[in-house]
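Readers should treat all values here as calculations from the given coordinates under stated rules, not as data from a laboratory. Just so it is clear, the model here is predicted, and its values are computed rather than measured. FYI the Cβ positions are ideal-geometry reconstructions off the backbone, even for glycines, and counts take in every protein chain you see.
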Amino acid sequence: MDKSDDACTDIKSLATCLRGKLENLYSLSEDCCIYRVPSELRNLKGGFNSPQTVSIGPLHHGREELKAMEEHKLRYSKQFLQRTQVSLEEFLIYIKSREEKLRNCYAETIPLASHDFVEMIFLDAIFLIEFLLLFSNQEFVTNGDRIFRKPSLAIGITRDIWCVENQIPFFILEDLIELAKTREPDECYDGLSISKLVSPFCDDICELLLINKSLFEINFSGAKHFVDLVRLCIEQESGLKLDQRSSYLT
């Protein structure tokens, strides 16, 4: 075999190897909307990148320093289930039916097994729903509540909800609320929706970022999660300011 034959064999072998890699690529999903912050931006002062108190979603799930909140998630889940006749099994079955769509929302492959992923989504989603409900309806806060009776903890959770890497899709929050309302729900669910829960929660971030509150209500239907909602509002706010500046020049 001469050198040309050797070169041809090498190319065929390389092509076979590369073709296998190309065929094994997973399809990119249009649902993808939650990402990790690039390393060069991670340590910027004041950045809302990763959670310090509570993990929401899979990207920081299981971090040792956040595990203290897991008991609070269980307690809030128990409260949530006491307000509806829909069973725990029904909620888990529903989340399982949405597992593929939920996984596709994250830019990286989530290594959790299906059982663990469904449990994590249930606990985190219900915790977030309960937190938002109590945030805007203090009359539902019990005397034994360890979050809202300890303001520093509530402040830490509020900060973490706006973290880039600590997001869960709005659609699953809305779906679980709607499922809870299907069978003899508590009166607190009357007319409840995720948009109504999020609206009062946005007041502080609007003030911090100098965003008109009405933009949150306008953009909510198109937002995929909390950070995406802020992004849409900032883009629109910037566009409005540019339009105003242009009008001054014409």
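Annotations for the structure displayed:
- The modelled label-to-label distance for the pair Glu235/Leu41, using points 7 Å beyond Cα in the direction of Cβ, is 1.4 nm.
- Among Ala15, Ala154, Ala223: highest mean-square fluctuation, GNM of the chain, C-alpha pairs under 10 Å: Ala15
- Ordering of 24-30, 178-184, 99-105 by burial proxy (mean other Cβ atoms within 10 Å per residue, highest first): 99-105, 178-184, 24-30
- Residues in segment 68-82 that a label on Arg183 would reach, taking backbone N under 19 Å of a point 7 Å out along Cα→Cβ: 77-82
- Model label sites at Asp31 and Leu92, defined 7 Å from Cα along the beta-carbon direction, differ in position by 2.1 nm.
- Its relative contact order, with pairs defined as Cα atoms under 8 Å and 6+ residues apart, puts segment 50-146 at 37 percent.
- Across the chain, Cα pairs under 8 Å and at least six residues apart give a relative contact order of 24 percent.
- Least to most buried among Glu139, Glu108 (fewest other Cβ within 10 Å first): Glu139, Glu108
- The spacing between segment 12-75 and segment 149-178, judged by their C-alpha centroids, is 17 Å.
- Between segment 114-144 and segment 217-236, the alpha-carbon center distance in angstrom: 22
- Each stretch of four or more DSSP H residues adds -39500 (n - 2.57); spread over every residue of the chain, this sum gives -18000 deg cm²/dmol at 222 nm.
- Hydrophobic, long helices, defined as DSSP H runs whose alpha-carbon span along the helix axis is 24 Å or greater and whose mean Kyte-Doolittle value is at least 1.0, occur in the chain at 114-136.
- Calculated P(r) of the chain - Cα pairs past 27 Å, %: 45
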